[in-house]
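Accompanying notes for the structure given below.
The values are calculated or read from the model by the stated rules, or taken from the named source; none is laboratory data. Not measured: the values here are computed from a predicted model. Note that each Cβ is placed from the backbone with ideal geometry, even for glycine, and that neighbours are counted across all protein chains shown. Keep in mind that these areas ignore ligands, DNA and RNA; they rest on the heavy atoms of the full protein, side chains included. Shrake-Rupley method; radii C 1.70, N 1.55, O 1.52, S 1.80 Å.
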Amino acid sequence: MRLAISETNLKSSFEHARKLLQAKDINEVMQLQSEFLRSQYGVATGQFKKMTGMTASAAKGDSNEKPDLI
């Protein structure tokens, strides 16, 4: 799971960098950065909830999903 999260985050970061390189002015850069940060906050919150939910399930012993050791 951590590998999938890392892959998602890297893809998002590279896409954001591509958009920044294509920006026409500082206002567009600031808008793109603001949108990216808002989006990443939401994504990070969801990833955190998913990871803590899996940890809690594993601690209870009722998880059928094996933890990702990578």
Accessible area per residue of the chain at 1.4 Å probe, in Å²? 82 Å²
Testing the spin-label approximation: label points 7 Å from Cα along Cα→Cβ at A4 and T55. State their distance in nm. 1.9 nm
Bounding extents of the chain in its principal axis frame from Cα atoms, largest first in Å, are 53, 19, 11
Helix 2-21 versus the longest principal axis of the chain: what is the Cα-based angle in degrees, 0 to 90, to the nearest 10? 0 degrees
Per-residue HN-Hα couplings for segment 25-38, Karplus 6.51 cos²θ - 1.76 cosθ + 1.60 at θ = phi - 60°, whole Hz, x for Gly and Pro? 7, 5, 5, 5, 4, 5, 5, 4, 5, 4, 5, 5, 5, 4
Excluding near-sequence neighbours (fewer than 8 apart on one chain), the chain holds lysine pairs with C-alpha atoms under 25 Å apart numbering 9
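Computing the accessible area with a 1.4 Å probe over protein heavy atoms, can you report the carbon and sulfur percentage for the chain? Don't jump to the answer; show the numbers that get you there.
Working: 3540 of 5770 Å².
So the carbon and sulfur contribution to the accessible surface is 61 percent.
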